[in-house]
Amino acid sequence: MAVRKAESLHYSIGLLGISAGSLLLAVHFYSSLRAAPVIPSTALGILLLILSSLLAYAGIWRSLRNATLFSSLFLTISVFWCGYGVVFILRGQGVLDDTGDFRNALVPGLVTFTLALLIIAVVGFLNKEVVLAVIASAVSLASAHEVAMHYNTAFGSSAVACNYMIVCLAGGYFALGRILYFLSKEKITIPGTDLAKNKAHEQIQSTSGSMNHFAVTGLILNMLSASVFGCRLLGVTSKLFIGQVPWLWAAGIYQIGACILSYRAMDVLMATFFGFTSILKFAGGYCLLYPIWQTEEPSFPIPFLVVFSILFAVLALFLTLKSLVDGLYLLFYVAYCIALACRPKGFFEGGPQGVDVAIFVASALMTMIHLYNAKAGAKIPTGKGVVKALVASSSFLKLREGANLHTPYLGYSKYADAEVLGYACSVLASFAITVTVDTQAPLDTVVIPWVVVAGGILKLLSGSVAFARGKTLESSAFILYAVMWTIWGLTRYGGLYGTSRSFHTAVGIIAFMLFNSFIVFCTLFLSITWFFYSLTFLLIAVSFLLDAISALPAGYDIAASLIFGLVSFYCFLSALFNSTFEGSCLPMGRPLVQLSGVGGGMTKCLHLPARKASSVKRIADILKNGGTCGIPTDTVYVLVAACNRPDAVEKAHRSKRQAQERPMSLWISSLKQLEPAKHLFSPLLWDFMDAAWPSPISLVIPRGEWVDFLGMKDSAKYVGTPQSVAIRIPDCSVTTHLIDLVGPIVVTSANPTGEADTTHHNQVYAKLGDKVDAVLCDGPSPENIASTVVDCTKIDSGNIGFFRVGIIPKSQVLQILEQVQKKYSLVPNSDGCTTKGREEHLNHVHAVHNGVGTAASAERVAVQSADGGCENHTRL
């Protein structure tokens with residue numbers, strides 16, 4: 001129900017946003033012939049930017065939940081209105097006063113979205129998404145009419161306004177239907193707005209494979225950037241100028257978003273491809289800004305573009321393993337980079353613009369293929385698996401496959417590994433700075449986009465994704481290098497520093513060198529390749545320092561850049577190979593310095609994601625075979641062993657240097673596991689345990705013969721004290737399911753005695769990774785509040801005590817006890833218990849006196865035993 005409500009609201013938000021924007025544009029075009037428009041251009045642009053952000057939110061949220069055509073529609077119109085809005089703002093601010101300039105600025109975007117929305121409409125009609133198809137086709141026709149209006153006044157603006165009114169009415173009708181469906185709790189359904197059939201189809205699609213549904217948006221963005229330069233070649237626009245920058249930079253920003261979302265979709269190759277193309281988009285926009293600071297068109301660095309084409313070619317080769325068509329599509333960008341390298345003025349010359357036209361057509365075809373295959377049952381052939389089958393027949397290479405292909409070494413992550421993009425950006429940035437620029441006019445050569453976008457923005461993205469995957473050192477290095485590339489790129493190649501600023505620049509570079517020296521030291525314990533990667537960047541930093549103080553030897557900067565670029569290229573290839581193939585075709589190497597303990601050797605404990613039932617089963621098998629494991633609970637992580645394996649209990653006690661005064665506790669999944677010894681418990685205690693669990697309430701009960709039923713034998717001395725034992729049923733489905741499979745378990749905190757509690761599986765791995773057999777990974781602990789520890793050693797006399805009041809308040813525990821006591825207190829006397837109830841308790845106490853006994857008052861020990869023997873009880 002909650003999922004349906006969320007989907008209903010996000011459909012409504014997106015469609016209402018489209019309706020509102022269409023209404024604004026309809027009003028604008030109806031009043032465009034007036035001397036003073038109803039909505040000023042600047043105000044219209046700002047409103048469109050706000051609505052584009054709303055549509056982006058709706059489109060991303062829908063895509064993260066289920067792949068639908070609505071997501072593609074929302075994101076496409078979001079990009080459209082983002083660039084469209086900025087163009088209107090430029091017009092309102094007087095930058096595009098001339099009618100010809102306004103037309104040249106608008107037409108490339110209008111042409112792109114006319115075709116893109118037409119493709120979405122066609123696929124929508126084929127898949128019986130009538131409302132979506134009507135909206136997409138109407139916006140497409142409105143864009144086409146607007147293009148015609150700019151070239152022929154016979155096409156009036158009223159036709160454009162009419163199409164936008166259709167969009168407004170259709171979107172408003174559908175959104176109203178979804179809102180009524182939500183508010184009426186699914187009782188009112190307006191015809192044509194029922195999504196029940198679509199939901200069933202989407203669920204089938206969403207579980208059918210690992211298709212990247214964000215690829216469609218990325219392909220449309222490639223159409224947009226190609227249209228800007230292709231329209232100039234074909235004569236559709238008369239010049240390239242600042243008015244077209246909004247389309248290029250909007251495409252670049254959204255392309256980075258598509259890159260991030262592709263990592264969420266576990267598609268490393270397409271994410272890397274979108275990262276590469278975003279660099280080209282930002283560079284194209286940067287080049288169109290040249291009249292601001294110079295009169296001549298800027299020139300392009302040839303070495304960088306040649307290296308860029310090589311990276312595209314390598315990526316295309318690996319992408320053919322996924323889809324032959326996708327791999328061939330990337331060859332257009334190989335040709336594009338070569339064309340840019342062959343022409344000194346790059347984007348402004350006919351050769352690269354001709355390739356842009358080819359990219360536009362190819363991207364449109366790829367958009368149709370991806371969009372249709374995402375929804376249709378009968379797929380358009382893309383050569384999927386053709387190259388993969390050839391490689392699979394080879395004895396030299398073995399493809400890495402399986403559900404855990406992108407699972408990090410430690411636990412679980414929502415993102416695939418971004419190291420491929422991080423290394424590639426290092427290659428690009430290092431070769432970009434090999435270009436010699438005029439110190440008096442550094443902006444004459446296009447260097448800033450390659451260094452700042454590739455070495456800065458995308459490397460920062462790679463570092464963030466690495467951090468999300470638990471790679472602390474790698475993420476720190478990527479983020480540090482990203483900051484360094486950004487600052488140096490803007491300072492050195494933006495002409496921001498001169499003689500007076502050299503000292504301050506040098507001080508900053510020295511600070512970065514100190515940080516990098518620490519990273520170099522840490523990589524000694526990571527791998528040989530990472531050591532050389534960080535060490536060669538130190539050579540780059542030295543060249544920056546020498547340049548800042550005007551003491552750079554001739555050729556040193558080029559040599560340092562080439563060395564770092566080659567090392568980075570090896571890392572790029574190694575990351576690609578190791579993420580695609582099994583074995584070590586291009587190994588990263590072992591650590592140069594081996595440490596004893598965790599990480600010191602190549603044998604590390606098994607780590608499994610707790611979200612999978614198969615992982616819990618494997619942990620259960622390990623425990624049954626006498627192993628010890630770290631697992632998540634309803635409080636912090638704990639170290640467990642099976643009660644019926646005395647050797648494992650002793651191993652758990654020994655592995656964390658458990659102190660004798662801090663014994664371990666006992667956990668069960670249900671009272672059925674104590675059923676054979678039920679006669680040894682008083683009825684009141686049994687019913688109280690039944691009413692109190694599962695919960696973060698630990699009950700300290702008298703020790704007795706019932707402990708022998710658990711099969712611990714001599715290892716029972718490590719559990720509880722001679723007088724009492726702490727026992728509970730945790731309120732955690734993963735933990736209780738594991739205990740169902742294994743049986744009762746003994747528990748202790750997953751940290752060496754004297755250290756703080758572990759609240760993340762990485763901490764368990766770091767502290768006890770070499771002493772346990774496996775870790776069940778579930779991210780951060782859900783609670784940081786202590787459990788409530790109740791003294792039940794004298795419950796038969798009607799008294800309970802509290803060693804500690806934690807997450808469960810004292811009043812709630814007393815209320816549970818009161819409800820249980822009502823069963824034995826039908827006619828209460830002066831001491832709060834009926835005569836019948838008192839006789840029943842006394843008889844049972846005499847019967848089991850030798851079995852359970854009366855516990856001594858050992859409050860401190862009982863509390864220490866209650867939650868796994870941990871000395872720090874503020875979290876458990």
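Its alpha carbons give segment 216-318 an Rg and a Dmax of 14.8, 45 Å. Label separation (Lys794 vs Ser184): 6.4 nm, computed from points 7 Å beyond Cα along the C-beta direction.
Solvent-accessible surface of protein heavy atoms, probed at 1.4 angstrom with all chains present, puts Arg469, Arg703 in the order Arg703, Arg469, largest first. Amide hydrogen proximity for Phe581: with H placed 1.01 Å from N in the peptide plane, the residues at 5 or more positions away or on another chain lying under 5 Å are Arg400. Label zone of Phe525 (point 7 Å out along Cα→Cβ, amide N under 12 Å): in segment 739-769 this covers 766-767.
Here segment 508-644 yields Rg over Rh of 1.17, to two decimals, using C-alpha coordinates and the Kirkwood radius.
Coupling constants for segment 362-379 follow from the phi torsions by the Karplus curve (6.51 cos²θ - 1.76 cosθ + 1.60, θ = phi - 60°), and in residue order they are 5, 5, 5, 5, 5, 4, 4, 5, 5, 5, 5, 5, 6, 10, 7, x, 8, 8 Hz; glycine and proline get x. I need the shape label for segment 502-578. Rule: rounded when a/c is under 1.5, else prolate if a/b > b/c, else oblate, with a, b, c from the alpha carbon gyration tensor. It is oblate, given that a/c is not under 1.5 and a/b is not larger than b/c. Judged by the mean number of other Cβ atoms found within 10 Å, the most tightly packed of the peptides 222-232, 16-26 leads the ranking 222-232, 16-26. Per-atom-type breakdown for segment 690-782 gives carbon and sulfur 48% of the accessible area (1.4 Å probe, protein chains only). With equal scatterers on the alpha carbons only and no solvent term, can you work out the Debye log10 of I(q)/I(0) for segment 661-717 at 0.17, 0.19, 0.22 1/Å? Values returned for q = 0.17, 0.19, 0.22 Å⁻¹ are -0.60, -0.76, -1.02.
Grab the beta carbon distance between Ile310 and Thr42, set R0 = 56 Å, and tell me the FRET efficiency rounded to 0.05.
Working: r = 45 Å, r/R0 = 0.80.
Computed FRET efficiency for Ile310 and Thr42: 0.80.
Kindly list the residues of segment 36-54 that lie in the label zone of Thr153, defined by a backbone N under 12 Å from the point 7 Å along the Cα-to-C-beta vector. Output list for this probe position: empty.
Here the contact order of segment 31-170, divided by its residue count and restricted to Cα pairs under 8 Å and six or more residues apart, works out to 20 percent.
For Cys777, the residues 5 or more places off, or on other chains, whose built amide H falls under 5 Å of its own are Leu608, Ala610.
The values are calculated or read from the model by the stated rules, or taken from the named source; none is laboratory data. Just so it is clear, the model here is predicted, and its values are computed rather than measured. As a convention, Cβ positions derive from the backbone with ideal geometry for all residues, glycine included, and neighbour counts pool all protein chains shown. Side chains included, ligands, DNA and RNA excluded: accessible areas come from the protein's heavy atoms. Shrake-Rupley method; radii C 1.70, N 1.55, O 1.52, S 1.80 Å.
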